[in-house]
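For reference, the structure discussed in these notes is given below.
The values are calculated or read from the model by the stated rules, or taken from the named source; none is laboratory data. Because the structure is a prediction, the values reported are computed rather than measured. Virtual Cβ from ideal backbone geometry, glycine too; neighbours counted across all protein chains shown.
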Amino acid sequence: MAKAVKTGQTTNSDVVLDEIDIKILSLLQQNARISVKEISDKVHLSTTPVHDRVKRLENTGVIKQYAALVDHSKVRKGLMVICYVSLKEHSKNAGTKFIKHIHALPEVIECYNISGEFDFMLKVVAENMDDYYDFHVNKLSQSENIGNVQSVFVMGVIKQTHVLVH
């Protein structure tokens, strides 16, 4: 019998994953286009229960979406910048406005609310330094509640993964 594992997912109900679910997730993380037949061969189940498990993982939100991972340098987004942002005002309304502004900026590919000296950490991609300068001055800094921005330029990617389960 497969051992059950509780996920750290924050929902109203706990999602219980067994070893087969973990194997399925691992396979899908490696190749989201893998067929149900290929998964069933690797986890030693027939296709119907594998299909049902994948659907359950999707319906419970364990699998949020499927995506193609694109090499940023090959789509004219060769400059990657980590921006630390602090806000002047820390009210709920001010934070909501800032978050709405960030959602409207396609250059921001990730945004995290963080603790410490800064309030947010953004991962920004741009074509080059001129493109980033335009983003910083004409887009990011136009948010009415920006207190401080510190930009850190990524010189090289050492490790980048989206694999959460093994």
_Criterion (farther than 27 Å from Phe153 by Cα, modelled with pLDDT under 95, touching a Ser or Thr at 6+ places or on another chain (Cβ under 8 Å) and surrounded by 14 or more Cβ atoms within 10 Å (Cβ to Cβ)) met by exactly one of Val36, Val15, Val62_ = Val15
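So, in the range 17-51, how many residues would count as being of a type in the set (Ser, Thr, Tyr) and under 27 Å from the mean Cα position of the chain (by Cα)?
Here is the first cut: in the range 17-51, the ones of a type in the set (Ser, Thr, Tyr) are 26, 35, 40, 46-48.
Add one more test, that the residue is under 27 Å from the mean Cα position of the chain (by Cα), and what stays is 26, 35.
Within the range 17-51, residues that are of a type in the set (Ser, Thr, Tyr) and under 27 Å from the mean Cα position of the chain (by Cα) number 2.
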*Being modelled with pLDDT of 95 or more, of a type in the set (Asp, Glu) and in contact with a Lys or Arg (Cβ under 6 Å, 6 or more places away or on another chain), is that true of even one residue in the range 115-127?*
yes
_Given the condition under 29 Å from Phe153 (Cα atoms), at pLDDT below 95 and among the hydroxyl-bearing types (Ser, Thr, Tyr), answer yes or no: does some residue in the range 72-80 qualify?_
yes
*If you take the residues in the range 130-140 that are in contact (Cβ under 8 Å) with a residue 12 or more places away in the chain and in a helix (DSSP H, G or I), which one is surrounded by the fewest Cβ atoms within 10 Å (Cβ to Cβ)?*
Asp131
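Condition test on Lys42, is it surrounded by fewer than 16 Cβ atoms within 10 Å (Cβ to Cβ), within 14 Å of Lys23 (Cα to Cα) and not assigned by TED's automatic domain parsing to the domain that holds Ile109?
Values: surrounded by fewer than 16 Cβ atoms within 10 Å (Cβ to Cβ): yes; within 14 Å of Lys23 (Cα to Cα): yes; not assigned by TED's automatic domain parsing to the domain that holds Ile109: yes.
Taking the combined requirement at face value, the residue satisfies it.
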_Of all residues in the range 88-113 being in contact (Cβ under 8 Å) with a residue 40 or more places away in the chain and of a type in the set (Lys, Arg), the one that is surrounded by the fewest Cβ atoms within 10 Å (Cβ to Cβ)_ = Lys88
